[in-house]
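Read the structure below first, then the notes.
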Amino acid sequence: MIKPLIIANWKSNPDTLGAACRIAEKIEQIAAHNKNVQVVLAPPMLYLAPLVSLLRRTALGAQNLFWTSGAYTGEVSPTQLCHIGVKYSIVGHSERRAHLAESDEMVHKKLHAALAHGMTAILCVGEKERTQGEISERVEEQLQQALKGIKKNQLANMIVAYEPVWAISTTSGAAPDTPDNAFRMAIFLKKILVRRYDRKSAERVRIIYGGSVRATNIVSFLREGTMAGALVGGASLDISEFSKIVQRAANHSR
Ligand code: PGA
């Protein structure tokens, strides 16, 4: 069985490096006690380098990356991230799409760059509004646009995070998706991948869920193995909650 993947997305938190180190050390202990879960920590960019030496079992992920090096003020290149040992990168998070005008084209370039550098890319897709029964076309569009030019031999390093915006804990009125709908979406995304590539290649892509994941609901999303893990925002800064999420994922995968 492939290890479930639990990714902590700290967003722009916490405010100090000291606090980041304290939480990261605890996350490292959690990861060391639950070796059958792959824990990934995606802290703010400027904490990546100082956290490298604190983490062994926990992989480091960037919350974003740029598609190249050079004259791009304020950006961080894939080469720089790889050089310090960052193995994963989130690409196309809905907050970047919404607040930083990240377009499908930019997301595509970032996905391409991450994979070309041998990183594991966590591509986020998800609709803004909760739909009653119907699957939003936007989700397929986000996936198809991002995949332009991506070869099937690159898919093993790709994770798709289905993260409906309405389920993200900071969206007003947020509520987690139902496990049934998340499964339906995982199957929908897999089918797109099968159509675009082939079944064998599509199976290599892990689909994970994000949006108000808590200790109380993690197992329902992992049930039957349809979701390979979770992208955890708010709860990843609450160490007792995050610890329970990882433990429950570990118990589930035994
Ligand atoms: P949340 O955030 O777990 O706080 O809902 C998830 C995310 O935005 O990645």
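Values quoted throughout were computed directly from the atomic coordinates according to the rules given, and no laboratory measurement underlies them. Keep in mind it's a predicted model, so treat the numbers as computed, not measured. Positions of Cβ are backbone-derived with ideal geometry, glycine not excepted, and every protein chain shown enters the neighbour counts.
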Give region 116-127 a look and list any residue that's surrounded by fewer than 22 Cβ atoms within 10 Å (Cβ to Cβ), out of contact with any Phe, Trp or Tyr (no Cβ under 6 Å at 6 or more places or on another chain) and not in a loop (DSSP other than H, G, I, E, B), or say none.
ALA116
Quick check on this structure: which one of ALA8, ALA59, ALA49, ALA71 is within 16 Å of the ligand (Cβ to nearest atom) and within 30 Å of LYS109 (Cβ to Cβ)?
ALA8
Given the conditions (1) more than 15 Å from the ligand (Cβ to nearest atom); (2) farther than 21 Å from HIS252 by Cβ, which single one is not true for THR171?
(1)
Taking GLU105 as meeting all but one of (1) in a loop (DSSP other than H, G, I, E, B); (2) surrounded by fewer than 15 Cβ atoms within 10 Å (Cβ to Cβ), write down the number of the exception.
(1)
Unique residue being more than 15 Å from the ligand (Cβ to nearest atom) and touching a helix residue (DSSP H, G or I) at 6+ places or on another chain (Cβ under 9 Å) when the list is PRO164, PRO179
PRO179
Between LEU41, LEU51, which is touching a Cys at 6+ places or on another chain (Cβ under 9 Å) and either among the β-branched types (Val, Ile, Thr) or surrounded by 15 or more Cβ atoms within 10 Å (Cβ to Cβ) (or both)?
LEU51
Name the residue, out of GLY118, GLY133, that is without any contact (Cβ under 8 Å) to a residue 40 or more places away in the chain, within 17 Å of SER89 (Cβ to Cβ) and more than 15 Å from the chain's Cα centre (by Cα).
GLY118
Are any of the residues in region 187-195 crowded, with 19+ Cβ neighbours inside 10 Å, within 28 Å of SER236 (Cα to Cα) and among the β-branched types (Val, Ile, Thr)?
no
Any idea which of ASN217, ASN181 is without any contact (Cβ under 8 Å) to a residue 12 or more places away in the chain and either surrounded by fewer than 19 Cβ atoms within 10 Å (Cβ to Cβ) or over 15 Å from the mean Cα position of the chain (by Cα) (or both)?
ASN181
So ILE23 ticks every box in (1) within 19 Å of VAL160 (Cβ to Cβ); (2) within 16 Å of the ligand (Cβ to nearest atom) but one. Which box is left unticked?
(1)
With the structure loaded, tell me whether LEU60 is touching a residue at least 40 places away in the same chain (Cβ under 8 Å) and either within 12 Å of the chain's Cα centre (by Cα) or within 27 Å of LEU143 (Cα to Cα) (or both) or whether it fails that test.
no
With respect to the numbered conditions (1) loosely packed, with under 15 Cβ neighbours inside 10 Å; (2) closer than 22 Å to GLN29 by Cβ; (3) in contact (Cβ under 8 Å) with a residue 40 or more places away in the chain, which one is the sole condition not fulfilled by GLY234?
(1)
For region 200-215, which residues satisfy the criterion of being within 22 Å of ALA174 (Cβ to Cβ) and away from the ligand (no atom under 13 Å from the Cβ)?
ILE207
State which residue pairs qualify: first residue at positive phi and inside region 69-90, second residue surrounded by 15 or more Cβ atoms within 10 Å (Cβ to Cβ) and not small (Gly, Ala, Ser) in any location, beta carbons under 8 Å apart, and separation of 6 or more residues or different chains.
GLY85/LEU60
